[in-house]
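The values are calculated or read from the model by the stated rules, or taken from the named source; none is laboratory data. Quick caveat: nothing in here was measured; it's all calculated off a predicted structure. No Cβ is skipped: glycine too gets one built from the backbone with ideal geometry, and neighbour counts run over all protein chains shown. Accessible surface is based on the protein model in full, side chains and every heavy atom, while ligands, DNA and RNA are left aside. Shrake-Rupley method; radii C 1.70, N 1.55, O 1.52, S 1.80 Å.
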Amino acid sequence: MTAQNSATPSAAIAVQVPGSPDPDRSRAALPRSGAAPAGVAGTSARTGTVLAALGVVAFSLTFPSTAWGLESFGPWSLVALRSVLAAVIAGTFLLAVRAPLPRREHGVGLAVVAGGVVVGFPLLTTLALQTSTTSHAAVVVGLLPLTTAALSALRTGARPSGRFWAAAVAGAAVVLAFALAQSGGAPSTGDLYLFGALLVCAAGYTEGARLARELPGWQVIGWALVGCLPITVVGAALGLAYEPVRLSAHGVIGLLWAAAGSTFLGLYVWYRGMAAIGAPRASQLQLAQPLLTLVWSVALLGEHLTPAAPAAAGAVLVCIAVTQRVK
């Protein structure tokens, strides 16, 4: 899973409690800038870095956990069950914090997030992983930050520099060349699923970034999951009725991680970390995600990497790094 540079830090409101020190006098003892003491700021930054890094690790395990899940479930039932379980977790968190319902004007945006992030990306990547290796998928989907940045520019009317677009096109060319070389000169069915997943997920991320200016980022994905619950419950029932189920330890662990780790908890710690250290710094951590997925594909799935996979992943990371540094 990829970054949404849209975390919205909350503002603190000072309330004087009877018998407590006068806040005006307390403020007089602080530096004029109002900044937190250096030790507190440093601790917050370290905590934010750890949380964001945990989010990246969670996202990097999405494809291996999906591959494990496919050992027990069909693709449609796996995606639906994953979304149902994640919605239950998200709904519990939303109730626990007594989160207010999203406003009516948020409905269309949440529908786009749900279609792209909750349904579209998991379904298309799961279908792709029936024929593609996780290492292959990791390289192709490593293009997601560039795809998101390009769609975001088109959506907001921003005009990135020529260097930005050159790096984005170069990254796309690397991924396309890799996919064609791996599939014998023509894109495979799995590649078409992956390219479709890139587009729908980028659309969901772009809309999620817009919504997160008004809602905490984790609540955006939380309400999108809960909103999809009627559809995903029906999908799970139909999938389990028509697709074979062969329960195994790998399959159950894969389903649980895809639901709890990748879909909800990963996004939760990612947004908390990004709020603490800022989107640009957090995005630099996410550059390691495709390479981490390659490591997991070898360690957990026993895949054998071709020399082209880490080379292509590294080239894409360089292109992403360039886009991070240009306006």
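Observations
- Hits in segment 139-148 - residues which are assigned to a helix (DSSP H, G or I), of a type in the set (A, V, I, L, M, F, W, C) and open to solvent by 10 Å² or more (accessible area, probe 1.4 Å): V141
- Segment 293-312, residues that are more than 19 Å from G184 (Cα to Cα), touching a residue at least 40 places away in the same chain (Cβ under 8 Å), open to solvent by less than 50 Å² (accessible area, probe 1.4 Å) and not hydroxyl-bearing (S, T, Y): L294, E303
- Qualifying residue in segment 94-104 (condition: crowded, with 24+ Cβ neighbours inside 10 Å, touching a helix residue (DSSP H, G or I) at 6+ places or on another chain (Cβ under 9 Å), assigned to a helix (DSSP H, G or I) and of a type in the set (A, V, I, L, M, F, W, C)): no
- Pair list, Cβ under 7 Å, 6 or more apart: segment 187-210 residue closer than 19 Å to V139 by Cβ and without any contact (Cβ under 8 Å) to a residue 12 or more places away in the chain, other residue part of a helix (DSSP H, G or I) and open to solvent by 10 Å² or more (accessible area, probe 1.4 Å): P187/L180
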